[in-house]
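Scroll down for the structure; my scribbles are underneath it.
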Amino acid sequence: MSPEVRTGLLALVAIFLSLWGIKYIQGSNILSDAQTYYAYYDNVAGVQIGTPVQISGVSVGSVSARDLSTEDRRVKLTLTIERDAPLPKDTRAVLATVSPLGDMAIILDYATPCSGANCAESGDTFQGLTRGIVESMLGDGGLGSYIEQLRAGLLEAVDSLNKGLLDENSKGPLAESVRDL
C-alpha cells in the first residue's frame, strides 16, 4: 500500500472520529439506533441542544434540534430518545426546571405505558407543556398545595398553643401567667 493511500485512510478515520466526537459531546450518538419525536412550545428559554430528556428522573435522550416556526412563532424541539422506551401516543413533553440553578429538562409524562397500537412511532409529535419554576420545584400541585400544607401545620400549632396556654386545666407556669393576665 502506497503512503498516499495510507495517509488518505488515516485522514478519513480522523474525520469520522472527529464528527462522531462532536455529535457525542452535543448529546447524540450517531452509532446508536435512536427514535425521534417532536414537541412544540411557545417559549424555550434555557433549552439548549443536548438538554436531557427524562422519564421518571432517568435520562433517556436529549434535545437534538430547535427550530422556530415562521407561521406561528412557536418553537419545534426535536427529541432524540436513545434508550428503548416505548411511549404512548398521549405522552406530554413537559419543559421543566430541574434544579435551583435553573437547569432545564424535558420530562416525558404519561399515565400508563403503551401497548400495541397505542405506542408512538418515531416521528410522532407530543403535546408540549411548560411548567414554571415554582411548580417544577414544588411538584404537581404547585404553590397551592404547598400553602395548604403550611396552613394545616400552622393550624395544628395554634391549636396546641391554645390548648397548652388558654385551657383551664393547664398546669404549666406559662399557662398560669396567661390566666393571671
For the range 50-61, 3J(HN,Hα) per residue [Karplus equation, 6.51 cos²θ - 1.76 cosθ + 1.60, θ = phi - 60°, Hz, x = Gly/Pro]: x, 4, x, 10, 10, 10, 6, x, 9, 6, 10, x
Given a Förster distance of 25 Å, the FRET efficiency implied by the Cβ-Cβ spacing of LEU181 and ALA157, rounded to the nearest 0.05, works out to 0.75
Count the DSSP beta bridges whose two residues both fall in the chain, then state the antiparallel fraction as a percent rounded to the nearest 5. 75 percent
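So if R0 is 35 Å, what FRET efficiency would ASP90 and SER145 give, r being the distance between their Cβ atoms, rounded to the nearest 0.05? Show your work: numbers first, answer last.
Working: r = 24 Å, r/R0 = 0.69.
In this case the efficiency is close to 0.90.
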Please tell me the relative contact order of the range 60-116 in percent, rounded to the nearest whole number, where contacts are Cα pairs under 8 Å and at least six residues apart. 27 percent
In what sequence, largest accessible area first, do LEU101, LEU174 appear using a 1.4 Å probe? LEU101, LEU174
Percentage relative contact order, the range 13-87, counting C-alpha pairs under 8 Å, at least six apart: 32 percent
Give the angle, between 0 and 90 degrees and rounded to the nearest 10, that separates the Cα long axis of helix 3-25 from the longest principal axis of the Cα atoms of the chain. 20 degrees
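Using 0.36 nm times the number of residues separating TYR38 and SER122, minus their current alpha carbon distance, what extension gain do you get? Write out the running numbers ahead of the final one.
Working: separation 84, 0.36 × 84 = 30.24 nm, distance 0.92 nm.
Stretched out fully, the TYR38 to SER122 stretch lengthens by 29.3 nm.
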May I ask for the distance between the Cα centers of the range 84-108 and the range 49-65, given as a whole number of Å? 7 Å
Under the definition of Cα pairs under 8 Å and six or more residues apart, what whole-number percent is the relative contact order of the chain? 18 percent
On average, how much accessible surface per residue is there in the chain, in Å², for a 1.4 Å probe, leaving out ligands, DNA and RNA? 68 Å²
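Just the number, please: carbon plus sulfur as a percent of the accessible area of the chain, 1.4 Å probe, no ligands or DNA/RNA counted.
Working: 6920 of 12260 Å².
For the chain, the apolar C and S fraction of the accessible surface comes to 56 percent.
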Extended-chain gain in nm, criterion 0.36 nm per residue less alpha-carbon gap, ILE22 and ARG6: 3.3 nm
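The values are calculated or read from the model by the stated rules, or taken from the named source; none is laboratory data. Computed from a predicted structure; not experimentally measured. As a convention, Cβ positions derive from the backbone with ideal geometry for all residues, glycine included, and neighbour counts pool all protein chains shown. The accessibility values were calculated without ligands, DNA or RNA, using every heavy atom of the protein model including side chains. Shrake-Rupley method; radii C 1.70, N 1.55, O 1.52, S 1.80 Å.
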